[in-house]
Amino acid sequence: RRAAQISAIRPDLKIKNLRGNVETRLRKFDAGEFDAIILAAAGLERLGHSERIRKILTEIIPAAGQGALAVETRKDNLPVENLINFLNDDETCRAVKIERDFLNVIGGSCQVPAGVFAEISGDRVKVRAVISSIDGREIVRDFAEEKNSDLSKIGEELAKRMLKNGGQKILSEL
């Protein structure tokens, strides 16, 4: 997903896989194995490497649910659920539901080069999404914006529109 979006923006770049934890990836960069690397800013900040961030790539749309944390409990364990319920953030839950609705309609998984990001701010929700070929040569981008009170179908409708506008062709060729 990230490589496809970067290739769509900068087809002149040679994209190479980079594996390992953040420290390993930074060591490989420092050793000159890469001219540049792309890492999550949140991860770099959390690990005390904020000074290494050179640019935030706002044009790259993340995977559905990226950055959201979940705690799973047994369905029948109401005492535990009540104990941890204070951790729940309603706004995040609504945003992730929108993103998952989008992904369900396009039939996406972590192997599909698609991204979606729902952002709830005040009385509005904004959703940006992308469906791309693996090489980034074919790409469909779109967005939707609605009142925060009317979120029930925004992810699904955006996905259907994108499939109709070229996304289905891209996905069928994967």
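The values are calculated or read from the model by the stated rules, or taken from the named source; none is laboratory data. These numbers were taken from a predicted model, which means no experiment stands behind them. We place every Cβ from the backbone using ideal geometry, glycine too, and count neighbours over all the protein chains shown. Areas reflect the complete protein model, heavy atoms only, side chains present, ligands, DNA and RNA absent. Shrake-Rupley method; radii C 1.70, N 1.55, O 1.52, S 1.80 Å.
Numerical summary
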{"quantity": "Single residue of the range 102-132 satisfying the filter (of a type outside the set (A, V, I, L, M, F, W, C) and part of a strand (DSSP E or B)) that is modelled with the highest pLDDT", "calculated": "Arg128"}
{"quantity": "Qualifying residues in the range 139-150 (those that are in contact (Cβ under 8 Å) with a residue 12 or more places away in the chain and out of contact with any helix residue (DSSP H, G or I) (no Cβ under 6 Å at 6 or more places or on another chain)) - the one surrounded by the fewest Cβ atoms within 10 Å (Cβ to Cβ)", "calculated": "Ser149"}
{"quantity": "Count of residues meeting criterion [aromatic (Phe, Trp, Tyr), under 30 Å from Arg141 (Cβ atoms) and open to solvent by 60 Å² or more (accessible area, probe 1.4 Å)] in the range 80-125", "calculated": "1"}
{"quantity": "All positions within the range 19-33 that are aliphatic (A, V, I, L, M) and either in a loop (DSSP other than H, G, I, E, B) or loosely packed, with under 12 Cβ neighbours inside 10 Å (or both)", "calculated": "Ala31"}
{"quantity": "Some residue of the range 86-101 being at pLDDT 95 or above, over 24 Å from Leu171 (Cβ atoms), in a helix (DSSP H, G or I) and of a type in the set (A, V, I, L, M)", "calculated": "no"}
{"quantity": "Residue in the range 1-43 that is nearest to Val116 (Cα to Cα), counting only those that are touching a helix residue (DSSP H, G or I) at 6+ places or on another chain (Cβ under 9 Å) and among the small types (Gly, Ala, Ser)", "calculated": "Ala40"}
{"quantity": "Flag if Gly155 is open to solvent by less than 30 Å² (accessible area, probe 1.4 Å), at positive phi and either part of a loop (DSSP other than H, G, I, E, B) or without any contact (Cβ under 8 Å) to a residue 60 or more places away in the chain (or both)", "calculated": "no"}
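A quick yes/no check of all residues on (1) β-branched (Val, Ile, Thr); (2) surrounded by 13 or more Cβ atoms within 10 Å (Cβ to Cβ); (3) touching a Gly at 6+ places or on another chain (Cβ under 6 Å):
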| site | (1), (2), (3) |
| --- | --- |
| Gln5 | no, yes, no |
| Arg10 | no, no, no |
| Asp35 | no, no, no |
| His49 | no, yes, no |
| Lys55 | no, no, no |
| Ile61 | yes, yes, yes |
| Leu78 | no, no, no |
